[in-house]
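> Below you will find the structure I want to go over with you.
The values are calculated or read from the model by the stated rules, or taken from the named source; none is laboratory data. Since we're looking at a predicted model, the values are computed, not measured. Methodologically, a virtual Cβ is constructed for each residue, glycine included, from the backbone with ideal geometry; neighbour enumeration extends over all protein chains shown.
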Amino acid sequence: MNRIPPLTAWRQHPLKVGLLLLMLVSPLPPALAEEGVAVDQALRSLLADTVNSADSFEDRFDAQVWLLDMSSRLERLIPDHNRRLDLLRQVHREATRAKLQPELVIALIQVESGFNRYAVSSAGAQGLMQVMPFWKNEIGRPEDNLTDIATNLRYGCTILAYYLEKEKGNLIRGLARYNGSLGKTWYPERVMTAWYDHWYVHES
């Protein structure tokens, strides 16, 4: 996993960063993620392969220092110890499988659902990572439950990783694609701010 450089500039020079974001994002109309909109066929194939092989992955989580660190940060939002640790283990597993930084995924979850696994958006997106349910039919798994933590994380991390790869690692554009707002910066700004303020692991 390639680590994003520390976001110190984000905090110290917000106007400069704002201008940089505008330069990075092309003025394209938002890419809508709704039923009836043309579906990215490559992403559909990737989702189908990934979700259908859900049982083939082993949980090799051994980052106990990370777990304790993130658990202490998440305690204010999820007081229950067992629930908190279970969520963090699953986030770490799915993010690592998708070659994403787990802390970025946690920040995205905070912005998308506030850690409410039953959250439903006005557009119908469901669960922790607010996955659109039309994907279930697209990959032939209409019975999948997107309020299930493991299922939602598998879908969400796969989709996010795909968009980041599609944008050649450009975090601003990849996050905007995930949100369906390509061409705008408000969503990447929210996720990156949450990441830096609450979840970023500063290297010593």
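> Taking region 139-161 only, how many residues are farther than 16 Å from ARG177 by Cα, assigned to a helix (DSSP H, G or I) and out of contact with any strand residue (DSSP E or B) (no Cβ under 7 Å at 6 or more places or on another chain)? Let's see the steps before the verdict.
Pass one, region 139-161, residues farther than 16 Å from ARG177 by Cα: 139-154.
Subsequent filtering for residues that are assigned to a helix (DSSP H, G or I) retains 149-154.
Checking which are out of contact with any strand residue (DSSP E or B) (no Cβ under 7 Å at 6 or more places or on another chain) leaves us with 149-151, 153-154.
Summing the residues that are farther than 16 Å from ARG177 by Cα, assigned to a helix (DSSP H, G or I) and out of contact with any strand residue (DSSP E or B) (no Cβ under 7 Å at 6 or more places or on another chain) in region 139-161 gives 5.
> Condition (residue is at pLDDT 95 or above and in a helix (DSSP H, G or I)) applied to region 112-122: is it met by at least one residue?
Yes, region 112-122 contains a residue that is at pLDDT 95 or above and in a helix (DSSP H, G or I).
> In this structure, is ARG190 surrounded by fewer than 20 Cβ atoms within 10 Å (Cβ to Cβ), of a type in the set (D, E, K, R), in contact with a helix residue (DSSP H, G or I) (Cβ under 9 Å, 6 or more places away or on another chain) and modelled with pLDDT of 95 or more?
Working: surrounded by fewer than 20 Cβ atoms within 10 Å (Cβ to Cβ): yes; of a type in the set (D, E, K, R): yes; in contact with a helix residue (DSSP H, G or I) (Cβ under 9 Å, 6 or more places away or on another chain): yes; modelled with pLDDT of 95 or more: yes.
So ARG190 passes the test.
> Evaluate region 124-138: report whether one residue or more is assigned to a helix (DSSP H, G or I) and free of Cβ contacts under 8 Å to residues at least 24 places away in the same chain.
Step one: filter region 124-138 for residues assigned to a helix (DSSP H, G or I), giving 134-138.
Cutting the leftovers down to free of Cβ contacts under 8 Å to residues at least 24 places away in the same chain gives us 136-137.
Looking through region 124-138, at least one residue is assigned to a helix (DSSP H, G or I) and free of Cβ contacts under 8 Å to residues at least 24 places away in the same chain.
> Look at ILE159 and say whether it is among the β-branched types (Val, Ile, Thr) and farther than 23 Å from SER72 by Cα.
yes
> Okay, moving on. Suppose the filter is surrounded by 16 or more Cβ atoms within 10 Å (Cβ to Cβ), of a type in the set (D, E, K, R), touching a residue at least 12 places away in the same chain (Cβ under 8 Å) and touching a Leu at 6+ places or on another chain (Cβ under 7 Å); does ARG173 pass it?
On the way: surrounded by 16 or more Cβ atoms within 10 Å (Cβ to Cβ): yes; of a type in the set (D, E, K, R): yes; touching a residue at least 12 places away in the same chain (Cβ under 8 Å): yes; touching a Leu at 6+ places or on another chain (Cβ under 7 Å): yes.
Answer is yes for this residue.
> Sticking with this one: Going residue by residue through region 153-170, is there one that turns out to be in contact with a Ser or Thr (Cβ under 8 Å, 6 or more places away or on another chain) and more than 19 Å from ALA42 (Cβ to Cβ)? Before you say what the answer is, go through the steps one by one.
As a first pass, look at region 153-170 and keep what is in contact with a Ser or Thr (Cβ under 8 Å, 6 or more places away or on another chain): 154, 158.
Filter once more, so that each one left must be more than 19 Å from ALA42 (Cβ to Cβ): none.
Checking region 153-170: not a single residue is in contact with a Ser or Thr (Cβ under 8 Å, 6 or more places away or on another chain) and more than 19 Å from ALA42 (Cβ to Cβ).
> Just to be sure, is ASN137 at pLDDT 95 or above and either under 28 Å from GLN64 (Cα atoms) or out of contact with any Ser or Thr (no Cβ under 9 Å at 6 or more places or on another chain) (or both)?
Working: at pLDDT 95 or above: no; either under 28 Å from GLN64 (Cα atoms) or out of contact with any Ser or Thr (no Cβ under 9 Å at 6 or more places or on another chain) (or both): yes.
The answer is no for ASN137.
> Now for a separate question. I'm checking my understanding of the structure. Among residues of region 146-170 that are charged (D, E, K, R) and farther than 14 Å from GLN90 by Cβ, which one is surrounded by the most Cβ atoms within 10 Å (Cβ to Cβ)?
Of all residues in region 146-170, those charged (D, E, K, R) come to 148, 154, 165-168.
Now restrict to residues that are farther than 14 Å from GLN90 by Cβ: 165-168.
Working: GLU165: 14, LYS166: 15, GLU167: 17, LYS168: 8.
Here the residue is GLU167.
> Within region 69-99, work out how many residues are outside any helix (DSSP H, G or I) and either surrounded by 21 or more Cβ atoms within 10 Å (Cβ to Cβ) or in contact with a His (Cβ under 6 Å, 6 or more places away or on another chain) (or both). Spell out the reasoning first.
First pass over region 69-99, keeping only residues outside any helix (DSSP H, G or I): 75-80, 98-99.
Then keep just the ones that are either surrounded by 21 or more Cβ atoms within 10 Å (Cβ to Cβ) or in contact with a His (Cβ under 6 Å, 6 or more places away or on another chain) (or both); that gives 98.
The qualifying residues number 1.
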